[in-house]
There are 2 protein chains.
Amino acid sequence: MIGTEIEHLIKMLSRLPGLGPRSARRVALHLLKNRESLMLPLAQGLARAAEVIEECPSCHNLDTVKPCSVCANPARDATLLCVVEDISDLWAIEKTGSFRGYYHVLGGTLSALDGIGPEDLSIPHLVRRVRDGAVKEVIMALNVTIDGQTTAHYIADCLAALPVSVTQLAHGVPIGGQIDYLDDGTLATALKSRKAV
Amino acid sequence: MIGTEIEHLIKMLSRLPGLGPRSARRVALHLLKNRESLMLPLAQGLARAAEVIEECPSCHNLDTVKPCSVCANPARDATLLCVVEDISDLWAIEKTGSFRGYYHVLGGTLSALDGIGPEDLSIPHLVRRVRDGAVKEVIMALNVTIDGQTTAHYIADCLAALPVSVTQLAHGVPIGGQIDYLDDGTLATALKSRKAV
């Protein structure tokens, strides 16, 4: 018989993305076997993170400082604004170290199916930021999915009247990619956008 | 830039079984987006579980009561003792509702490779329990792996001198199993152990 306390813990863990009931059970047991080294530090870490981490009012990133450390950095290029769907995308781009502008996190994509409109995302805020700021180029770094591209086009329309150029990430063969493993769409796009060597 | 507080949280989450750095990041973001409904309850649930859940001194199950609710139940059959590798196995058998005896959790299997000997598991305790108790049948419910079966044989040897019968779970075609998808070993075993209809 699983005690209700353990049952409750497993239930909460199974609500995490990527964990089903079985893996939640495994995680719960692992935690209970490593109380001092993992379970208690995790409990404290969660409580503390929930307390100190806040959303940046400017770019919607998460950080312990407000505005976030990216927005608070005056050395970055204020003429460049990179639009991403989610914070994890911001982290991914920031990890490459090849972008020195600022970010704007939408918090998702437009989706007629899920009833997500521009007001549910930070699109009105983005338009205000571009209108009132020093931005010269808005780089769309949205996922290459139907919803992502719909959102990119919608945003491009919103920004059409403003004196900024709107660009998007290049599509093509990924670095390290093997031609015969690529999907038709990527290959066709790469071919169409070919460049002089 | 990921703040150190978030970095620290992701690092802890990535130490959970089944979570890599990428899924840990996803979990961390999901938690931060659902603070009130998930993150804080989980932090409290972890801290509370770490405090109240203890190992049963008799069967090595985990429960909020000591001895655990299985061992504390006098209605169960004291002549039957089911030996399992891990607590999750106990839970799995208990969920079937078809076993009314008591359990003994080994806490792993013997493994020459990992340097795990009988003293690292609760095997000496098992032998004492069988010698001093009312047990008539010891049911080996260990995984059908090399280590599991080695452990089962070792335990059977330890119990050979005691007046108990040692049995193991039947091997064969799983319920719902399709013959042509089964591995050779299972099929050969099922054929050898065939029974009259």
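The values are calculated or read from the model by the stated rules, or taken from the named source; none is laboratory data. On a predicted model such as this, the values are computed, not experimentally measured, just so you know. Here Cβ is always computed from backbone atoms with ideal geometry, including for glycine, and neighbour counts include all displayed protein chains. For accessibility, only protein heavy atoms count, side chains too; no ligands or nucleic acids. Shrake-Rupley method; radii C 1.70, N 1.55, O 1.52, S 1.80 Å.
Would you check if there is a residue in segment B:159-171 being open to solvent by 40 Å² or more (accessible area, probe 1.4 Å) and either under 17 Å from the mean Cα position of the chain (by Cα) or touching a residue at least 40 places away in the same chain (Cβ under 8 Å) (or both)?
yes
I'm told B:Pro124 meets every condition in (1) open to solvent by less than 50 Å² (accessible area, probe 1.4 Å); (2) part of a helix (DSSP H, G or I) except one. Can you identify the failing condition by its number?
(1)
Every residue in segment B:67-96 that is closer than 22 Å to A:Ser23 by Cα and either hydrophobic (A, V, I, L, M, F, W, C) or without any contact (Cβ under 8 Å) to a residue 24 or more places away in the chain (or both), please.
Hits for segment B:67-96 are B:Val84, B:Asp86, B:Ile87, B:Ser88, B:Leu90, B:Trp91, B:Ala92, B:Ile93, B:Lys95, B:Thr96.
Restricting the search to segment A:1-51, which residues are of a type in the set (Lys, Arg), in contact (Cβ under 8 Å) with a residue 12 or more places away in the chain and open to solvent by less than 60 Å² (accessible area, probe 1.4 Å)?
Answer for segment A:1-51, where residues must be of a type in the set (Lys, Arg), in contact (Cβ under 8 Å) with a residue 12 or more places away in the chain and open to solvent by less than 60 Å² (accessible area, probe 1.4 Å): just A:Arg25.
Among the candidates A:Gly117, A:Gly97, A:Gly101, which residue alone is loosely packed, with under 15 Cβ neighbours inside 10 Å, closer than 23 Å to A:Leu162 by Cα, small (Gly, Ala, Ser) and more than 9 Å from chain B (Cβ to nearest Cβ)?
A:Gly117
Tell me which residues, restricted to segment B:137-158, are assigned to a helix (DSSP H, G or I) and either β-branched (Val, Ile, Thr) or open to solvent by less than 100 Å² (accessible area, probe 1.4 Å) (or both).
B:Ile146, B:Asp147, B:Gly148, B:Gln149, B:Thr150, B:Thr151, B:Ala152, B:Tyr154, B:Ile155, B:Ala156, B:Cys158
Consider segment A:127-136. How many of its residues are open to solvent by less than 40 Å² (accessible area, probe 1.4 Å) and outside any loop (DSSP other than H, G, I, E, B)?
Total meeting the criteria: 2.
Go through (1) farther than 30 Å from B:Glu54 by Cα; (2) of a type in the set (S, T, N, Q); (3) open to solvent by 20 Å² or more (accessible area, probe 1.4 Å) for A:Ser111 and report which single condition fails.
(3)
Determine whether B:Ser58 is within 27 Å of the chain's Cα centre (by Cα), hydroxyl-bearing (Ser, Thr, Tyr) and more than 9 Å from chain A (Cβ to nearest Cβ).
Numbers: within 27 Å of the chain's Cα centre (by Cα): yes; hydroxyl-bearing (Ser, Thr, Tyr): yes; more than 9 Å from chain A (Cβ to nearest Cβ): yes.
When the stated conditions are applied, B:Ser58 passes them.
Could you tell me how many of the residues in segment B:67-77 are open to solvent by 10 Å² or more (accessible area, probe 1.4 Å) and within 11 Å of chain A (Cβ to nearest Cβ)?
Of the residues in segment B:67-77, 5 are open to solvent by 10 Å² or more (accessible area, probe 1.4 Å) and within 11 Å of chain A (Cβ to nearest Cβ).
Just name the residue that is nearest to the chain's Cα centre (by Cα) out of those in segment A:177-197 that are in a helix (DSSP H, G or I) and surrounded by 10 or more Cβ atoms within 10 Å (Cβ to Cβ). Walk me through it before giving the result.
Pass one, segment A:177-197, residues in a helix (DSSP H, G or I): A:179-181, A:184-192.
Then drop every residue that is not surrounded by 10 or more Cβ atoms within 10 Å (Cβ to Cβ), which leaves A:185-191.
Working: A:Gly185: 24, A:Thr186: 22, A:Leu187: 26, A:Ala188: 27, A:Thr189: 24, A:Ala190: 25, A:Leu191: 29 Å.
So, considering only residues that are in a helix (DSSP H, G or I) and surrounded by 10 or more Cβ atoms within 10 Å (Cβ to Cβ), the one nearest to the chain's Cα centre (by Cα) is A:Thr186.
Residues that are at pLDDT below 90: list the helices (runs of 4 or more DSSP H) wholly contained in segment B:1-103 that include at least 1 such residues.
Correct list: B:4-13, B:21-33, B:87-96.
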